[in-house]
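As structure tokens, the structure follows; a few thoughts come after it.
The values are calculated or read from the model by the stated rules, or taken from the named source; none is laboratory data. Note that the coordinates shown come from a computational prediction; the quantities given were computed from them, not determined experimentally. Every residue, glycine as well, gets a Cβ built from its backbone with ideal geometry; the counts of neighbours run over all protein chains shown. Each accessible area value is taken on the protein alone, full model and side chains, heavy atoms only, with ligands, DNA and RNA left out. Shrake-Rupley method; radii C 1.70, N 1.55, O 1.52, S 1.80 Å.
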Amino acid sequence: MSAIDLRLLPTTASVDGAGNLSIGGVSIADLASQFGTPLFVYDEQHLRERCREAVAAFGPDSVIYATKAFLCKAMAQLAHEEGVLLDVATGGEFHVALQAGVPGDRCVMHGNNKSLDELRMAITNNIRHIVVDSFDELSRLETLHAEGLAVPRVQLRITPGVHVNTHDYISTGQDDSKFGFNLNNGDAHRAIEQARNSAAVNLVGIHCHIGSNVLAIENFEDASKVMVDLFASSGLQELTLGGGLGVAYTERDNAPTMQQWSTVLKRAAASLPSTARIYVEPGRSIVATAGITVYNVGTVKHIEGVRTYIAVDGGMSDNMRPALYESEYEVFDPARTNADRTERARIVGKHCESGDILVFNAPVAPNVAVGDLLVTPVTGAYGYSMANNYNKVTRPAVVFVANGVARLVVRRENLDDLTRLDV
Ligand code: LLP
């Protein structure tokens with residue numbers, strides 16, 4: 001197998017004559033020695049370029065970054081600086097956005113089970129709009145109205161009944177879903193009617209999100225057609241067509257570009273009046289390829305005739321995706337980035353279970369040894385955001401690199417953090 005495909009790396013990735021990888025002008029070896037491993041490294045230029053590409057494709061104030069993909073104060077600030085709105089799916093995500101200095105009216109709130117407190121927080125902080133997910137949530141908004149809170153702008157999340165080619169756990173547009181109001185059984189129409197007649201909400205639009213890591217552009221086309229029909233008959237002003245644009249994790253994957261996505265969505269919406277406001281909510285496609293994870297090799301175990309296990313100092317606590325969705329990744333040694341990866345190994349973590357796998361059957365350069373660094377690219381989305389403390393492993397640090405400077409944006413957890421909540 002050949003060397004790592006550089007298209008899987010962040011924009012500013014460069015490789016010197018000896019094969020050492022740098023990102024944002026900083027060598028991975030230096031980052032590992034300065035900040036330790038495991039380490040999430042984000043290319044700030046790449047993040048900004050993806051935000052700009054999305055804004056250029058969809059227009060100003062039309063792109064809402066789904067913060068669940070990766071959120072910390074620095075990320076919220078970066079997206080906000082680039083003119084991107086923020087989608088927060090919980091009070092926790094909203095809190096981080098507000099702490100970062102992002103105004104409430106630059107955020108929208110999602111979630112299939114928002115609590116009264118989360119809804120109150122959204123309204124009192126002047127959220128741009130709330131995407132209402134259920135009849136129970138409409139009742140909760142009635143309660144808040146009775147308390148005298150302001151009337152929020154609201155979109156209704158519709159489940160269009162469209163099946164998507166992605167992992168079942170991240171497919172959300174089908175009838176059998178916990179999310180939204182079903183179109184096919186009439187709930188969507190009933191919810192629109194109810195919201196329209198309610199003094200507690202200002203119904204401005206409808207919303208759908210059919211699933212995540214969608215690689216087949218036709219899936220977006222199908223869902224958009226259904227939503228555009230409903231939207232046209234509703235007489236509302238705002239239509240959100242969700243996120244979900246997939247990315248290439250391995251050299252075998254082919255993902256549509258932001259521009260192709262926008263072309264398909266715009267074509268579907270072409271019949272709508274120019275006053276219709278279209279929003280999208282990309283998460284993964286903004287941050288995934290901007291981030292890599294750097295690990296240190298701790299053990300190498302050859303089982304003759306079976307396989308080789310290479311264990312690194314992180315694992316399913318910093319990347320749950322292989323264990324959860326059998327997601328595939330590539331791996332390489334950043335000190336020999338151009339080396340052909342002629343051997344095979346399973347890359348595993350340090351957690352106490354066999355499912356703690358980072359790469360199932362990875363091509364690797366020959367003779368990976370204890371002390372080598374390994375990098376998994378395309379870990380910028382749903383890696384750190386789903387990180388956990390299983391086995392009381394401390395969560396990694398996160399650095400942003402740009403123009404030869406590395407900026408620590410989330411510090412590494414320490415052992416004291418592990419008992420911080422104990423009383
Ligand atoms: N909008 C809504 C309402 C969503 O629920 C999501 C993702 C997005 C936007 C952003 O989707 P994206 O552009 O990132 O595909 N943990 C899973 C992904 C779960 C996505 C949940 N919703 C994973 O690691 O693949």
Mind listing just one residue for me: the one in the stretch 324-337 that is within 17 Å of the chain's Cα centre (by Cα) and crowded, with 17+ Cβ neighbours inside 10 Å and, of those, farthest from the ligand (Cβ to nearest atom)?
Y329
So which of A381, A397 is within 16 Å of the ligand (Cβ to nearest atom) and either farther than 28 Å from S14 by Cβ or open to solvent by less than 20 Å² (accessible area, probe 1.4 Å) (or both)?
A381
Just to check your reading of the model, which residue among A195, A188 is over 25 Å from E147 (Cα atoms), assigned to a helix (DSSP H, G or I) and over 23 Å from the mean Cα position of the chain (by Cα)?
A188
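So for the stretch 356-369 (the condition being within 16 Å of the ligand (Cβ to nearest atom), surrounded by fewer than 18 Cβ atoms within 10 Å (Cβ to Cβ) and farther than 25 Å from G25 by Cβ), does at least one residue qualify?
no
Would a scan of the stretch 167-177 turn up a residue that is outside the structural domain of Y382 (by TED's automatic domain parsing) and assigned to a strand (DSSP E or B)?
yes
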Could you please let me know if D16 is on the phi > 0 side of the Ramachandran plot, open to solvent by 10 Å² or more (accessible area, probe 1.4 Å) and of a type in the set (D, E, K, R)?
no
Residues D340, D318: which one is within 16 Å of the ligand (Cβ to nearest atom) and over 24 Å from L156 (Cβ atoms)?
D318
For residues in the stretch 104-126 being within 21 Å of the chain's Cα centre (by Cα) and under 17 Å from V84 (Cα atoms), which is nearest to the ligand (Cβ to nearest atom)?
H110
Within the stretch 27-48, does at least one residue satisfy the condition of being assigned to a loop (DSSP other than H, G, I, E, B), more than 15 Å from the chain's Cα centre (by Cα) and exposed (fewer than 15 other Cβ atoms within 10 Å of the Cβ)?
yes
State the number of residues belonging to the stretch 209-244 that are crowded, with 18+ Cβ neighbours inside 10 Å, within 16 Å of the ligand (Cβ to nearest atom) and either part of a loop (DSSP other than H, G, I, E, B) or of a type in the set (K, R) (or both).
8
Does Y295 satisfy the criteria of being in contact (Cβ under 8 Å) with a residue 12 or more places away in the chain, among the aromatic types (F, W, Y), surrounded by 24 or more Cβ atoms within 10 Å (Cβ to Cβ) and within 26 Å of L9 (Cα to Cα)?
yes
Among the residues of the stretch 245-267, write down those that are open to solvent by less than 20 Å² (accessible area, probe 1.4 Å) and either over 26 Å from V331 (Cβ atoms) or more than 19 Å from the chain's Cα centre (by Cα) (or both).
M258, W261, S262, V264, L265
Any pair with Cβ under 8 angstrom, 6 or more apart, that starts in the stretch 77-88 at a residue that is at positive phi and ends at one that is aliphatic (A, V, I, L, M) and open to solvent by 10 Å² or more (accessible area, probe 1.4 Å):
G83/V55
Within the stretch 142-162, the residues that are in a loop (DSSP other than H, G, I, E, B), open to solvent by 30 Å² or more (accessible area, probe 1.4 Å) and touching a residue at least 40 places away in the same chain (Cβ under 8 Å) are V151, G161
Identify all residues within the stretch 249-283 that are outside any strand (DSSP E or B), closer than 16 Å to F58 by Cβ and within 16 Å of the ligand (Cβ to nearest atom); write none if there are none.
P256, T257, M258, Q259, Q260, W261, S262, V264, L265, E281, P282, G283
Given the criteria assigned by TED's automatic domain parsing to the domain that holds V410 and not basic (K, R), does L39 qualify?
yes
Which one is farthest from the ligand (Cβ to nearest atom), of the residues in the stretch 196-208 that are surrounded by fewer than 21 Cβ atoms within 10 Å (Cβ to Cβ) and among the aliphatic types (A, V, I, L, M)?
A199
